[in-house]
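Take a look at the structure below.
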Ligand code: UDP
C-alpha cells in the first residue's frame, strides 16, 4: 500500500550521480571496444550526459541513450520527481520505488524492437525486476552498482553469518566474520539495506545475476576479489576505474552536472598554489549536512592554515543560512588567495588531477574514492551513509592512504537536523594537519597513494582491467551463441 501523496514541485538538484556517472563511463568503456551500447534511462538523467555521448557517437562509437519517462504521476508523485531527495517526505520513497519498478514495461518494449538485438543487460542491483526481464529475453543480467569488492564482500559476510542477530545495541562494536583482515563495525555504520529487513530482496536479487562487473581493479582489491569469487563464482570482472575512460578529454566531459565554476578560473587558481598544498573538500552529490555542520567544516578548513577548495551544494533553500553566514563573516575575503569556494557542482576529476592538490576531504563515496586513487591523492575520510563506512575502513585500514576525521555513525537521510554538528572544527583541523604534514607517516601515505594511482592507470591502459573488459565481452558473446544454438535446436 502506498502512503498518502503530497503534490509539491520538485526542488532539489541532487541525483543519484554516484550510480549514473560510473554507469555512463562503463557504457563508454564498452563502446570503445566496439560493442553497441544503449543507456536506458529517464529523460532528466539522459540530459546529464547527452553532450558527452553525442560527441562519442559523432566520433564513431556506437552509443546512444534510450529514454522512458518515470511514471511518477501513476504513483501519486509530481512529474519530474525522479530522485530520493526530490521527495517531499521520506515516506514517499516506496512510491518512488514503485515507479522505478514500472520501468520494466518500457525496457521490454525496447528490447522487443532493438536492433541489433539485446545480448546482455547491465543493470544496477536496485532494479531487481531485471531478473524477470533477463529470463524472458534469455539474455544474461550482469549487476553493476558502482561499489567495490570490499563492500560487496562485507555485505555478503554480514548477511551469511547472521552476525547482526547477536548485536543488541546500534553502537555496539562487532567483528564481520570471514573477512581477510579484521573488520570491526557498529550497526549504526551500516547501509540501510542491511538493517532494513524489507530491503533485503535487493541483495537477494543480486545473487541471481549472471555475473558482476565491478568498478575497481584487481591490483587494488586482490585478496577481497578472491574471497568474493568464492561467494559469487568466477564471473566477477573488475573493469575500473571506469572514470579513466575520460582521461584524454577530461575538460570536455560532462559528468553529472555542468560545473558551477569556470574550469579555467579553477585551474588558474590552482596554478597559483604550491604543489601538493591544497585540500579539496567535497562531500559528494547526495549528502545534506546542516548549516551548523557546514560552518564547522568551513572554520576547520580556515583554521588549518592550508589552502583549500570547498564545494558547497548550492541553490537548496536550506543553504541560504550558510550563504548569510558566509557574507556576514566576510568568510571569502578572510580566506582570499588561500581558499576557493565552489557553490554547486565542481569539476572533480580536473581538480583532483591538478598537481597543487595534496589531499581530498571526502565522504568516501566509491567513485570519489577511486577518483582520488587514480590521481594518487591521499584522503581525509568523513563517511556519512550507505557503504561509506566500509570504504573508510578500506582506505584507512587496508590501503593506509587516509586519515579519519572521526565520524562514528551514519547520518540518516532526512534526520540531519536531529544529529546536528557531528564533526567539530578542531576535528577538521587535526585531520587536515595530520594528512598534509610531511612527517614519516604522512610521506608513506602519500607514496602509497601515488603507487596505487600508477597501478590504476596501468590497469585500464592495457593491464588487468583492460583485459577484463575484453574477457567480459567474449564471455557474453559465447553465452549468447549457446543460447542461439539451444533455441534453434528446440
Ligand atoms: N562529483 C562531481 N562534482 C561534485 C560532486 C560530485 O563531479 O561537485 C562527482 C564525483 O566526481 C563522483 C560522483 O559525482 O564521480 C559522486 O559519486 P560518489 O560515489 O563519490 O558519491 P555519491 O555522490 O554517490 O554519494
### Query
On the given criteria, is residue 124 surrounded by 20 or more Cβ atoms within 10 Å (Cβ to Cβ) and within 16 Å of the ligand (Cβ to nearest atom)?
no
### Task
Determine if region 155-169 includes at least one residue that is crowded, with 21+ Cβ neighbours inside 10 Å and assigned to a loop (DSSP other than H, G, I, E, B).
no
### Task
Looking only at region 24-40, decide whether some residue is within 25 Å of residue 125 (Cβ to Cβ), surrounded by fewer than 21 Cβ atoms within 10 Å (Cβ to Cβ) and modelled with pLDDT under 90.
no
### Query
Residue check: is residue 351 in a strand (DSSP E or B) and either within 11 Å of the ligand (Cβ to nearest atom) or under 19 Å from residue 295 (Cα atoms) (or both)?
no
### Query
Going by the conditions given, is residue 244 buried (at least 19 other Cβ atoms within 10 Å of the Cβ), within 14 Å of the ligand (Cβ to nearest atom) and either more than 29 Å from residue 449 (Cα to Cα) or at pLDDT 85 or above (or both)?
yes
#### Entry: Verdict on residue 434 being more than 16 Å from the ligand (Cβ to nearest atom) and out of contact with any strand residue (DSSP E or B) (no Cβ under 7 Å at 6 or more places or on another chain)
no
### Summary
The one condition residue 303 fails out of (1) within 20 Å of residue 383 (Cα to Cα); (2) away from the ligand (no atom under 14 Å from the Cβ) is (1)
## Note on the structure
Residue hits (region 117-154; in contact with a strand residue (DSSP E or B) (Cβ under 9 Å, 6 or more places away or on another chain) and part of a helix (DSSP H, G or I)) are 130, 131, 133, 134, 135, 149, 152, 154
### Message
Out of everything in region 328-346 that is part of a loop (DSSP other than H, G, I, E, B) and more than 16 Å from the ligand (Cβ to nearest atom), what residue ends up being nearest to residue 279 (Cα to Cα)?
### Response
338
### Query
Among the residues of region 273-295 satisfying the criterion of being assigned to a strand (DSSP E or B) and within 14 Å of the ligand (Cβ to nearest atom), which is farthest from residue 325 (Cα to Cα)?
280
### Task
Go through region 254-272 and give me each residue that's away from the ligand (no atom under 12 Å from the Cβ) and at pLDDT 80 or above.
264, 265, 267, 268, 269, 270, 271, 272
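For (1) within 28 Å of residue 186 (Cβ to Cβ); (2) surrounded by fewer than 17 Cβ atoms within 10 Å (Cβ to Cβ), each residue gets a yes or a no:
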site	(1), (2)
407	yes, no
417	yes, yes
423	yes, no
427	yes, no
435	yes, no
442	no, no
449	yes, no
454	no, yes
### Query
Can you name the residue in region 371-397 that is modelled with pLDDT of 95 or more and near the ligand (Cβ under 8 Å from one of its atoms) and, of all such residues, is surrounded by the most Cβ atoms within 10 Å (Cβ to Cβ)?
388
### Task
Determine if region 315-327 includes at least one residue that is within 15 Å of the ligand (Cβ to nearest atom), modelled with pLDDT of 90 or more and within 24 Å of the chain's Cα centre (by Cα).
no
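The values are calculated or read from the model by the stated rules, or taken from the named source; none is laboratory data. As the structure is a prediction and not an experimental result, all values here were calculated from the model. FYI the Cβ positions are ideal-geometry reconstructions off the backbone, even for glycines, and counts take in every protein chain you see.
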